[in-house]
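The values are calculated or read from the model by the stated rules, or taken from the named source; none is laboratory data. Keep in mind it's a predicted model, so treat the numbers as computed, not measured. Neighbour counts are summed over all protein chains in view; Cβ atoms, including those assigned to glycine, are modelled from backbone coordinates with ideal geometry.
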Amino acid sequence: MKPSVDTVIVEQLAQAQISDPAYHAMLKTLVAKVALGRNKTIGFSGSQGSGKSTLVRVLKAVLEQTHGLTVASLSLDDFYKTRSARTQMMTEHPMFQVRGVPGTHDIDLMLQAKIALCAGRAAQVPVFDKGLDDRAGTMTIPAGCETVLLEGWCFGARPEPVQGLVTPVNALEAEQDPQGLWRRGVNEYLAGQAYQQLFTVDYWVYFKAPNFDAILDWRAEQEARFNQGPSAMTRSEIEAFIGYYQRITQWMLLDAPGRADLVITLDPDHSIAAVQGDLEFSFSSSPSF
């Protein structure tokens, strides 16, 4: 006998250290929607530290344990180009050596994996080691997948209007990309067919941060939790690092809410402030972390 949806959601959220009851209500309704079988592919996006990866892990576990579905998950973070390939991209602009922005992903490989899994075939995917800043082998996702969850910080993003590229959004762009070559290149990669085909899913969930300052705080919390010791970045280093993602992040804060199927607006403490979309449920919110 399979455990109840409520039981598994409670267990999974407890493991993830999420106590906000809004997550339980939202997940229960989302699980019911997916279980109807109308959404083969579901995309998740949100800034660094927004909690999208955690939600994907929880949703996958609930679907597998309560409905017996075979669920695969693909993350943009696993499909970075090799360090060598990104070094070669420095001929386009030195800033392309830093992973994360469109152009630094092996997007064709991720698209091939998505197509294979949706067709019920096996897919071989890379394993990326962030400590090495390079790939560390491959793994195979078996055939027979029924649902594919895809996530990434810029998943679903559209290219920014060209007039928005003229003015730097931060000191990083002003100092290292004064002519706008890098940001125009990133935008062109994002506009490419492979990214936009990958981003085409049956259902899209977007985690909307309250502002960019909150994103910096969230990323600092992640660093303190997972990268303790001499390799940990200082807050100023974190601010410089996420500057690479600030432009697209801020563009998505404006553009994504009007296009996503489900928009989860977060408070600075990660609790859910509001939910907009086609999922109907009620919730009350409390601090979650």
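A few points about this structure:
- Hits in segment 114-152 (condition: among the small types (Gly, Ala, Ser) and either touching a Leu at 6+ places or on another chain (Cβ under 8 Å) or more than 20 Å from GLY68 (Cβ to Cβ) (or both)): ALA116, ALA119, ALA123, GLY131, ALA136, GLY137, GLY152
- Residue match in segment 51-67 (condition: touching a helix residue (DSSP H, G or I) at 6+ places or on another chain (Cβ under 8 Å) and part of a loop (DSSP other than H, G, I, E, B)): no
- Segment 223-234 residues that are farther than 12 Å from GLY49 by Cα, paired with ones that are among the acidic types (Asp, Glu) and at pLDDT 70 or above (beta carbon under 8 Å, 6 or more apart): ALA232/GLU223; MET233/GLU223
- Flag for VAL34 being in contact with a helix residue (DSSP H, G or I) (Cβ under 9 Å, 6 or more places away or on another chain) and either over 25 Å from LEU254 (Cβ atoms) or not in a loop (DSSP other than H, G, I, E, B) (or both): yes
- Scanning segment 53-84 for residues that are closer than 19 Å to SER4 by Cβ and touching a residue at least 12 places away in the same chain (Cβ under 8 Å) gives VAL58, LEU59, LYS60, ALA61, VAL62, LEU63, GLN65, THR66, HIS67, GLY68, LEU69, VAL71.
- Failed item, numbered, when VAL162 is tested on (1) farther than 20 Å from GLY185 by Cα; (2) hydrophobic (A, V, I, L, M, F, W, C); (3) surrounded by fewer than 21 Cβ atoms within 10 Å (Cβ to Cβ): (1)
- Selection of first residues in segment 187-214 that are at positive phi and of second residues that are at pLDDT below 95 and buried (at least 21 other Cβ atoms within 10 Å of the Cβ), restricted to Cβ pairs under 7 Å at least 6 apart or on distinct chains, gives an empty result.
- Assessment of segment 251-271 against the conditions (in contact with a helix residue (DSSP H, G or I) (Cβ under 6 Å, 6 or more places away or on another chain) and surrounded by 20 or more Cβ atoms within 10 Å (Cβ to Cβ)) yields no matching residue.
- Looking across segment 29-49, the residues that are under 14 Å from the mean Cα position of the chain (by Cα) and hydroxyl-bearing (Ser, Thr, Tyr) come down to SER45, SER47.
- Among residues of segment 88-109 that are in a loop (DSSP other than H, G, I, E, B) and modelled with pLDDT of 95 or more, those with a Cβ under 9 angstrom from a residue that is surrounded by fewer than 18 Cβ atoms within 10 Å (Cβ to Cβ) and small (Gly, Ala, Ser), sequence gap 6+ or separate chain, pair up as PRO102/ALA191; PRO102/GLY192; GLY103/GLY192; THR104/ALA85; ASP106/ALA85.
- Put simply, of THR66, THR104, THR147 the only residue that is over 19 Å from the mean Cα position of the chain (by Cα) and of a type in the set (Ser, Thr, Tyr) is THR66.
- Test result for SER73, under 21 Å from the mean Cα position of the chain (by Cα) and in a loop (DSSP other than H, G, I, E, B): no
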